[in-house]
Amino acid sequence: MRKMIVLNSKSNFTKDEYIKYLKELKKIKYDFVLAPSYPYLALTSGIALASQDISQFPSGAYTGEVSGNALKSLEVKYAIIGHSERVKYFNENGKILREKIERCLENDITPILCMSETVDVTKGVSNNIVQKLNNVIGRLKEKDRKKVIIAYEPYWAIGTNKMPTLECLNKIFGKIKENFKENKVLYGGSVNLETIKTLKKVDLIDGYLIGSLSLNIDSLKELINKI
Ligand code: PGA
């Protein structure tokens, strides 16, 4: 099956830069999921959209928040939840993540739940990834839990060009898949033209969440050719 590829542009691009980027991106023959900054969602058509976040609250008096209802009306199909940058800079905890997932499900938006080990797996494999996932999605009804896409994203690998070894990846993805048999599981964190060589060898990876490399169309084209 074709790998799912989610492009996270984070807080990059002015409006004009984004329009130029989108035009070039559409020339690549691949069914990407694109997660641009909130305002650009409304400028985009012809490509599956993800939001980089979603409000934990329903629509109403929550200044500055973007509700699931608003995202649904923009035909957003996916929402990235709990990215490590949100955990780090906005102190998102398990309760907030659970609420955000509920808002997604109420609005037919598929949550892409990012989860990281707390321990640097290059220094010793940590076992808590399954426990951490269970803390967020363990209490969901089976029919809802299986809708969640899990993105395993070691926080120390994001934007650093570092990556777990092949052995660690096989072990971690094996463990996640063993416990969440019906969920799609992506890898994110320094997916680039070098690391893809190792990532490709891990059969259990269903796709990739790509940050920095996704901003460069030429590199993205090259990456697609390598997958
Ligand atoms: P990166 O970001 O590809 O730049 O490491 C990945 C992410 O933030 O999900």
Answer yes if at least one residue in region 214-227 is touching a residue at least 60 places away in the same chain (Cβ under 8 Å) and of a type in the set (S, T, N, Q), and no otherwise. yes
Considering each of Ser37, Ser9 in turn, give the residue that is under 24 Å from Ser219 (Cα atoms), within 16 Å of the ligand (Cβ to nearest atom) and either open to solvent by less than 20 Å² (accessible area, probe 1.4 Å) or among the charged types (D, E, K, R) (or both). Ser9
Is there any pair with a first residue in region 40-64 that is touching a residue at least 60 places away in the same chain (Cβ under 8 Å) and a second that is open to solvent by less than 30 Å² (accessible area, probe 1.4 Å) and not in a loop (DSSP other than H, G, I, E, B) whose Cβ atoms are under 7 Å apart and which are 6 or more apart or on different chains, and what are they? Ala50/Val6; Ala50/Val33; Ala50/Leu34; Ala50/Ala35; Ala50/Ala79; Ala50/Ile80; Ala50/Ile112
Result of the Cβ filter at 9 Å on region 78-103, keeping first residues that are among the acidic types (Asp, Glu) and in a loop (DSSP other than H, G, I, E, B) and partners that are open to solvent by 30 Å² or more (accessible area, probe 1.4 Å) and more than 16 Å from the ligand (Cβ to nearest atom), at least 6 apart or interchain, is Glu92/Gln56
Tell me the strands (runs of 3 or more DSSP E) entirely within region 120-227 that contain at least 3 residues that are open to solvent by 20 Å² or more (accessible area, probe 1.4 Å) and either hydrophobic (A, V, I, L, M, F, W, C) or within 16 Å of the ligand (Cβ to nearest atom) (or both). none
Contact list, first residue from region 178-202 and farther than 21 Å from Ile80 by Cβ, second anywhere and open to solvent by 80 Å² or more (accessible area, probe 1.4 Å) and in a loop (DSSP other than H, G, I, E, B), beta-carbon distance below 6 Å, six or more apart or interchain, is none
Scan region 69-80 and give yes if some residue there is open to solvent by 30 Å² or more (accessible area, probe 1.4 Å) and within 16 Å of the ligand (Cβ to nearest atom), otherwise no. yes
Could you please let me know if Arg103 is in contact with a Gly (Cβ under 9 Å, 6 or more places away or on another chain), away from the ligand (no atom under 16 Å from the Cβ) and modelled with pLDDT under 95? no
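The values are calculated or read from the model by the stated rules, or taken from the named source; none is laboratory data. The structure displayed is predicted, hence computed values, not measured ones. Heads up, the Cβs are rebuilt from the backbone with ideal geometry, glycines too, and the neighbour counts pull from every protein chain shown. For the accessible areas, the whole protein counts, side chains as well, though only heavy atoms, and no ligand, DNA or RNA atoms are used. Shrake-Rupley method; radii C 1.70, N 1.55, O 1.52, S 1.80 Å.
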